[in-house]
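Down below is the structure, laid out as structure tokens.
Values in this text are rule-based calculations from the coordinates and carry no lab data. The model shown is predicted, which means the values in this text are computed figures rather than measured ones. Neighbour counts are summed over all protein chains in view; Cβ atoms, including those assigned to glycine, are modelled from backbone coordinates with ideal geometry.
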Amino acid sequence: MSMNVPAESRPATEYLFGAGDEEIARLLERAGRRRLASEVLLDQLAVAPGWNVLDVGCGPLGILDLLAERVGDAGSVVGVDREPAMLAAARRVLAERALNRVRLVQASAAAMPLPADSFDLVHERLALVSLAEAPDATAEMVRVTRPGGWVALQEYDHVSLLCQPPQPAWDLLMNAWHRVRAEAGMDITVGRHLPGLLRAAGLGDITVEVHSSVRRSGADGHVLPLYMAATHRDRMTTVGGLTAAELDGAVADLTAHLDDPNTIVVNPLLFQAWARKQS
Ligand SMILES: C[S@@+](CC[C@H](N)C(=O)[O-])C[C@H]1O[C@@H](n2cnc3c(N)ncnc32)[C@H](O)[C@@H]1O
């Protein structure tokens with residue numbers, strides 16, 4: 001089932017990665033890689049059969065599958081996303097996996113048409129796009145959590161994102177991407193702010209964990225600067241300030257560099273922060 005909310009309730013910040021087929025495929029591939037850290041989080045929260053749980057900004061899957069496995073038929077799972085294309089993809093993926101009991105709701109994280117005090121766990125992963133909007137979304141997540149239930153946030157912080165050995169093409173593409181991202185209002189430091197967001201939303205006794213990983217698998221389109229160069233060529237060459245020749249040259253140089261088995265990329269730090277709503 002899905003419900004629609006008026007477009008005027010959408011937050012102003014654009015989700016820069018969009019909701020196209022390429023982004024949906026990327027998120028599904030990433031959901032697999034991000035599974036372990038999310039399983040660790042759900043273990044810590046002791047998510048159990050019978051719980052009513054919510055995944056905010058679920059995209060084409062998020063952790064809906066992990067939640068459904070844990071709460072079982074006695075529980076309930078709801079996914080919220082503001083993008084109809086994301087929800088259409090989620091509907092397809094859930095049907096393929098026979099997860100027929102997950103309910104999908106189209107809404108902004110900051111204004112969810114869901115009753116107060118109703119979920120045992122309210123979770124989001126990578127949906128707090130900007131620090132300007134994150135407080136409203138976090139407060140809304142707390143509102144729909146039942147007293148004694150958990151609010152859990154997972155967001156990246158780019159503090160650890162680097163390429164070793166250093167490479168000028170990496171810096172060139174990352175600098176262009178930072179300009180594009182800043183113009184769209186996206187923040188690359190949201191992770192470190194998660195405890196503060198929970199505190200500002202009235203929660204205490206907050207737990208924080210971080211996860212990261214290293215990739216040595218060679219160049220592929222999922223390395224952030226290459227992904228941005230491929231999917232946002234127009235913005236990288238306008239807002240990003242690169243000429244088309246600079247962009248193409250940097251992509252070729254970086255691809256060769258990443259194909260060197262001695263090159264490593266340290267992924268962004270994934271922050272996880274969680275706390276109970278007071279009873
Ligand atoms: C990076 S994707 C993450 C998807 C999923 N949580 C995951 O971990 O794979 C961000 C998702 O959040 C959604 N989103 C961004 N801002 C939102 C908002 N204000 N309200 C609801 N959904 C939002 C986007 O449409 C997108 O599906």
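In the range 7-276, the convex hull through the Cα atoms has an average projected area of 13.7 nm², a quarter of its surface area.
Summing Lys and Arg as +1 and Asp and Glu as -1 over all other residues whose Cβ lies under 11 Å from the Cβ of His193 gives a net charge of -1. Comparing Val56, Val239, Val129 in a Gaussian network model of the chain, where Cα atoms under 10 Å apart are tied by springs, the biggest mean-square fluctuation is seen for Val239. Largest GNM mean-square fluctuation across Gln106, Gln44, Gln154, computed for the chain with C-alpha springs under 10 Å, falls on Gln44. Each Lys or Arg adds one and each Asp or Glu subtracts one; over the other residues with Cβ under 13 Å from the Cβ of Asn267, this totals +4. Using every pair of distinct Cα positions in the range 99-226, the Kirkwood expression returns a hydrodynamic radius of 16.9 angstrom. In units of the compact-protein estimate 2.2 N^0.38 Å, the range 177-243 shows a Cα radius of gyration of 1.53. Between Ala244 and Ala182, the simple label model (points 7 Å from Cα in the Cβ direction) yields a spacing of 2.7 nm.
Judged by the mean number of other Cβ atoms found within 10 Å, the most tightly packed of the peptides 206-214, 79-87 leads the ranking 79-87, 206-214. Just to be sure I understand the curve: with the Debye formula and one point per C-alpha of the range 47-118, what is log10 I(q)/I(0) at q = 0.12, 0.26, 0.28 Å⁻¹? Values, matching the q order: -0.28, -1.19, -1.30. Full extension of the chain between Ala111 and Asn262 gives 49.6 nm of extra length, using 0.36 nm per residue less the Cα-Cα distance.
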